[in-house]
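Below: the structure, in structure tokens.
The values are calculated or read from the model by the stated rules, or taken from the named source; none is laboratory data. Predicted model, so just to flag it, every value in this text is computed and none were measured. No Cβ is skipped: glycine too gets one built from the backbone with ideal geometry, and neighbour counts run over all protein chains shown.
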Amino acid sequence: MRRLLQGIRQKKDLNDLISSPSSIQIYHHIPFPLNDLLGVLYPLFGSYYPFEEFLHMIYTVHHIFCAYDIVQNRCVGCALLNNTDNTNQSIYIMLFGVQQTNQNQGVGTYLLQTVIQWAHQAGYQHIHLDVFVENYKAIGLYEKVGFQKYKFLPNYYIHTSKRPPHAIRMVLSFV
């Protein structure tokens, strides 16, 4: 995975590239520069994780999707996903974010829809994620693309500065 992250962005064939109807291109598993991932995700989540733990998440994740603005030539959104078991029945969205300057422009929707389409085609039966109970904007996005609130997770973020420290597990099922 380290080689994947340290490489230079390479042109991929059409099977590796999914276009949105805007200037956003979504890529899956190309050699994403670490600075691109950190540039999007660290401002959003870095205050909740020690830096080494944050890097460990990036280096050990199973799937990475990134949204690039091809007009501005920069990464504007990322999703980190992990398989939850060896059967490939369920996948977990560990981190999902769009740079603040690109929010409310449809980037998150395009990125999430691409992840959902890929997971469905790859044969996963469920996608799940955990979201801060007061992150209404994210909850709205997840519900918009088909996720449903599944479970309240009390004290999920107890070791972070989030108050209240509760989360909601959301699930999207294909079965």
Next item on the list: Taking ILE64 as the residue in question, decide whether it is of a type in the set (Val, Ile, Thr) and at pLDDT 95 or above.
Entry: yes
Notebook entry, point to check: Regarding TYR68, is this residue out of contact with any Leu (no Cβ under 8 Å at 6 or more places or on another chain), farther than 20 Å from TYR124 by Cα and crowded, with 19+ Cβ neighbours inside 10 Å?
Noted result: yes
Note to self: Looking only at the range 21-37, filter to residues that are of a type in the set (A, V, I, L, M) and in a strand (DSSP E or B); which one of those is farthest from the chain's Cα centre (by Cα)?
What the structure shows: ILE24
Next item on the list: Provide a single number: the residues in the range 152-175 that are in contact with an Asp or Glu (Cβ under 9 Å, 6 or more places away or on another chain) and part of a strand (DSSP E or B).
Entry: 5
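I'd like the full set of residues that are in contact (Cβ under 8 Å) with a residue 40 or more places away in the chain and either among the aromatic types (Phe, Trp, Tyr) or surrounded by 12 or more Cβ atoms within 10 Å (Cβ to Cβ) (or both), limited to the range 36-48.
Taking the range 36-48 and keeping what is in contact (Cβ under 8 Å) with a residue 40 or more places away in the chain, we get 36-37, 39-41, 43-45, 47-48.
Passing the criteria: ASP36, LEU37, GLY39, VAL40, LEU41, PRO43, LEU44, PHE45, TYR48.
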Next item on the list: Would you check which residues across the range 122-175 are acidic (Asp, Glu) and surrounded by 15 or more Cβ atoms within 10 Å (Cβ to Cβ) and list them?
Entry: ASP130
Notebook entry, point to check: Could you give every pair whose Cβ atoms fall below 9 Å, whose first residue belongs to the range 155-166 and is on the phi > 0 side of the Ramachandran plot, and whose second residue is not hydrophobic (A, V, I, L, M, F, W, C), counting only separations of at least 6 or pairs across chains?
Noted result: ASN155/PRO164; ASN155/PRO165; ASN155/HIS166
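Okay, residues lined up against (1) at pLDDT 95 or above; (2) closer than 22 Å to GLY146 by Cβ; (3) among the acidic types (Asp, Glu); (4) not in a helix (DSSP H, G or I):
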{"residue": "TYR59", "(1), (2), (3), (4)": "no, no, no, no"}
{"residue": "ASN88", "(1), (2), (3), (4)": "no, yes, no, yes"}
{"residue": "LEU111", "(1), (2), (3), (4)": "yes, yes, no, no"}
{"residue": "THR114", "(1), (2), (3), (4)": "yes, yes, no, no"}
{"residue": "ILE127", "(1), (2), (3), (4)": "yes, yes, no, yes"}
{"residue": "ASP130", "(1), (2), (3), (4)": "yes, yes, yes, yes"}
